[in-house]
Structure formats: structure tokens, C-alpha cells
Amino acid sequence: MPELSGAADAPPLPLQPTRLRVELSEHVLMVTLNRPEKLNAFDRVMQDELEQVWRWADSEADVRVALITGAGERAFCSGVDIHDAARERATLGERRWSDISVIGSRLTPRQCSSDLPTVCAINGVCAGGGLYFVGDADICVCSDNAFFTDPHVSFGRVSALEPIGLSRLIPYQWVMRLSLGGRHEGIDPTTALRIGLVTEVFAGVSAVREGAFELARRIATGAPLALRGTVRAVRRGLDLPRDQALDQGLRVAQENTRTRDHEEGVTAQLEKRQPRWEGR
């Protein structure tokens, strides 16, 4: 198995990625979409690699937070590789919708049924299917050259999944302005911050990557099971009526009280020392 860069004692990856860069440092798994010549558009290969990485990360105790960004300075992700998608459509026809995973359906930890806390560092353009990453992230930050746009309708395609994901994050009218406006509409960093699409804007691509890593590193100091439990409780609660959301959140919190890490956290607090997490 290939070694994981960034840490001498890092667990081995189950694949040798060709479309991604993967690094593990201080319990933060930084995954870089690595097709800068294609503005980091995703194809079938990238999706398969992402799915393998997220399923591996979900079972690794050393991984506490996922950080996703794009290679280069021009784009975070320009959406699906339209040439690859066209070839697949021509080969499979309508069968593709029922027999295989649609390109774009296995890109994020959330799509792969993982409760791994996820931070996105948006560097440059985030277009079309790139919005999957934004909609499924727990926290997004961006560089001052970021631009969010959804050109689906301008090219005869229904924009459905991406705006539905964004509707959990930003006001409805902004979602619809973006999705109905197609290539004529976009959200700049100032607006993204104002409407809550991102929590912080950094001056430059290097700064957003460094700032996002620092944010993820701070999050990763928390108890691993408590981090995932918090994500699970809140995400599931979003799709439930308030009373049901509170009930299921309480169940998740109660389950966590039976873990070794919960006991360690209480003991460390009483002894006024840093906790030593075991992930169990």
C-alpha cells in the first residue's frame, strides 16, 4: 500500500491516487483535488478515488477532520469533466442512472456515509458540481479570488442536487438566484461571507489553505468520537422536526457518555490537564 505523505507514522492509503494529493498532519486529512489543468474538474476516476479515501478515513482513528481544497490558484473545482461525462453517457445511455453511481454522487465524506467533520478551503472558482463540496461541508472558508456559480441551466441542464444542498446553508432567494441565473450569476467572497456561505475570507490562495488547516487542526484537538457524534447529531437533525431532532441528538450524546474518551475528558477536566484521546 502507498504511504501517506505528511507523517512518518501515518497509516497506509488503500490506493495510489492519480487525481488527488492526500496528506495527514496533526489528525487532519488534507485532500487536494489535483487536476489544475482541468480546473480540478472531477471525472469517474477522481470520484472513485475520493470514495476510497473517505471510506478508508472513516475507519481510521488517526483521522479526525477532513480538509478539502483544489490545486493551483484558479479554481477549487469547476464541476464535472463534461468530456468524460459525455463519453460515459454515450457508452451507457439511460442505464447509467440506475446501474452505476452517477458522477458527482460519491465525492464527499457525507455522500459516502461518513460523519467525519469536513472543512472546505475554496481557492478560486467553484462551479456547478463543485458546489457539492460546499453543500456537504461543515465549515467553508474561501480566498479573496473565490467565485461561486452554477451554470447548469445555461447549458440545458436542470440544477437540482447542488441547490438543494445549498438551501441548508443560505437563504432560498440566493439559492434560486444562483441556480436560475446560470452563467450570468455568481457569488463573490464578500457576498458569500455576508449570506453565510463561508465563515471567513482570506487574502490569497496560500492564506486560505494555511487558515483552513489551522482551523481544522484546532477542531482535531477535540475527542474523535465526540467530533463525529456532534456532526452526526446536527446533520441528521436538519432533516427532522425539532422535537425529533432533539430526541435523536440526546441519544447520540448519551451513547457518547459510555465511551472511554468521555471518561477521559471528565477526568482531565477535573485534574486540570490535557486529555489523551483514544478514539474509543
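Brief remarks on what is shown
- Folded to 0 to 90 degrees: helix 260-271 orientation relative to the chain principal axis, Cα: 60
- Charge tally in the Cβ shell below 11 Å around Arg217, where Lys, Arg are +1 and Asp, Glu are -1, Arg217 excluded: -1
- Carbon plus sulfur fraction of accessible area for the chain, probe 1.4 Å, in percent: 51
- Surrounding net charge for Leu161, when Lys and Arg each add one and Asp and Glu each subtract one, Cβ distance under 13 Å: +1
- Cα-based shape type of region 138-254, given that a ≥ b ≥ c are square roots of the gyration tensor eigenvalues and the cut on a/c is 1.5: oblate
- Residue-normalised accessible area of region 127-259, expressed per residue, 1.4 Å probe, Å²: 52
- Couplings 3J(HN,Hα) for region 212-219, derived from phi with the Karplus relation 6.51 cos²θ - 1.76 cosθ + 1.60 (θ = phi - 60°), are 5, 5, 4, 4, 5, 5, 5, 4 Hz, where x marks Gly and Pro.
- Cα-based shape type of region 58-199, given that a ≥ b ≥ c are square roots of the gyration tensor eigenvalues and the cut on a/c is 1.5: oblate
- A helix-only calculation puts the chain at -12500 deg cm²/dmol for mean residue ellipticity at 222 nm, using -39500 (n - 2.57) for each DSSP H run of at least four residues, averaged over all residues.
- On Cα atoms only, tilt of 224-238 relative to the major axis of the chain in degrees: 50
- The tail of the calculated P(r) for region 98-158 beyond 15 Å holds 57 percent of all Cα-Cα pairs.
- Degrees between helix 82-92 axis and first principal axis of the chain (Cα, 0 to 90, nearest 10): 80
The values are calculated or read from the model by the stated rules, or taken from the named source; none is laboratory data. No experiment lies behind these values; they were computed from the predicted model shown. Counting neighbours? That spans all protein chains shown, and the Cβs are built from the backbone with ideal geometry, glycine included. Heads up: the accessible areas ignore ligands, DNA and RNA and are worked out on the full protein's heavy atoms, side chains in. Shrake-Rupley method; radii C 1.70, N 1.55, O 1.52, S 1.80 Å.
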